[in-house]
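Below: one structure, written as structure tokens.
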Amino acid sequence: MKLQQLRYIWEVARHDLNVSATAQSLYTSQPGISKQIRLLEDELGVEVFARSGKHLTRVTPAGEAILEVAGDILRKVESIKQVAQEFSDERMGSLDLATTHTQARYALPQTINNFMKSYPDVSLHMHQGTPMQIAEMAANGTVDFAIATEAMSHFNDLIMMPCYRWNRSVVVPKDHPLAQVAKLTLQDVAQYPIVTYVFGFTGRSKLDDAFSREGLEPKVVFTAVDSDVIKTYVRLGLGVGIVASMAFDENQDQDLVRLDASHLFEYSTTKIGFRKGTFLRGYMYDFIQQFAPHLTPDVVKQVQSCSNRAEIEEIFSRQQLPDL
């Protein structure tokens, strides 16, 4: 059994059983990958992938178990490389982040700008996706950190730490009737069509819960994953927008009116997560602290030593998070 063979089956599974795409991503040949997978299966005495002719059709039950172990092995190999690189050149390496559009567009730019100035020899790669995709990327080791509000609690292999709290604003054109309301109520908002996030994005569940508690049925006519798209359709008169307050830009959104809605909805908490057992290099600890100053290296190391989420929650239970 070779490490290369484990990498091949892992990457083939990650590329939806497309051997050609896997070969391109690994800069090798398709026949070479197929041969090595067959050799591994012959050695193990089981098939990792079921086939129809020459095409892979699904992962077998045995393959599912093998891939889980292979993923752990490959992550440990990567950790060994990280340890070696930390001692050979602590300011050179790479950092992969997964996050949503709102975080990437409004919460992260200053942190990333400062980080890149401090670590010019670290290549930073940002992946955007749904909260579930983001959490999956962190859980399977595709990225180092996931930054999101939703979904990460579904993955037991992730260590999650709270970064900041945030709430929502209603955005409307300047001539909209709500622009004249002194203090919004949910009844005010529910009178109009609503443009907001897709369910599962950017604290959408807290929004739905608030209307439900008041016995109101909001008329959500348009949803999107991108705050800027939501504001575009508010400008077109499709409805009133409900977005994260951080997503309102005083300069670029001068044609809209932002109405504070923090008294209508529960606060949401954005967290940063990484897979248990991940070796964090010095610049990774620094990135976390730059993004969330209360998450010092000592605090993060304390969190890493916790055996369960209840212990992690206890660390932050008496800490007042900053509002964004």
Of every hundred units of 1.4 Å-probe accessible area on the chain, the number belonging to carbon and sulfur atoms, as a percent, is 50 percent
When DSSP assigns beta bridges and you keep just the ones with both residues in segment 1-150, what percent turn out antiparallel, to the nearest 5?
-> 30 percent
Distance between modelled label sites at GLN191 and GLN85, nm, 7 Å Cα→Cβ extension | 5.7 nm
Taking only protein heavy atoms and a 1.4 Å probe, what accessible area per residue, in Å², does the chain have with all protein chains in place?
-> 50 Å²
Distance in Å, no decimals, from the C-alpha centre of segment 126-157 to the one of segment 17-53 is 27 Å
State the Cα centre-to-centre distance between segment 226-240 and segment 61-119 in whole Å.
-> 34 Å
How many nm is it between the label spots at LYS76 and ASP42, if each spot is 7 Å from the Cα in line with the beta carbon?
-> 2.7 nm
What ratio of Cα Rg to 2.2 N^0.38 Å holds for the chain?
-> 1.17
Under 26 Å Cα-Cα from LYS54, which lysines qualify once same-chain neighbours fewer than 8 residues away are excluded?
-> LYS2, LYS35
Using a Gaussian network for the chain with springs between C-alpha atoms less than 10 Å apart, which of these wobbles most: PRO297, PRO173, PRO31?
-> PRO31
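The values are calculated or read from the model by the stated rules, or taken from the named source; none is laboratory data. Treat the numbers as computed from the prediction; the structure is a model and nothing was measured. So basically every Cβ, Gly included, is an ideal-geometry build from the backbone, and we count neighbours across all protein chains shown. Each accessible area value is taken on the protein alone, full model and side chains, heavy atoms only, with ligands, DNA and RNA left out. Shrake-Rupley method; radii C 1.70, N 1.55, O 1.52, S 1.80 Å.
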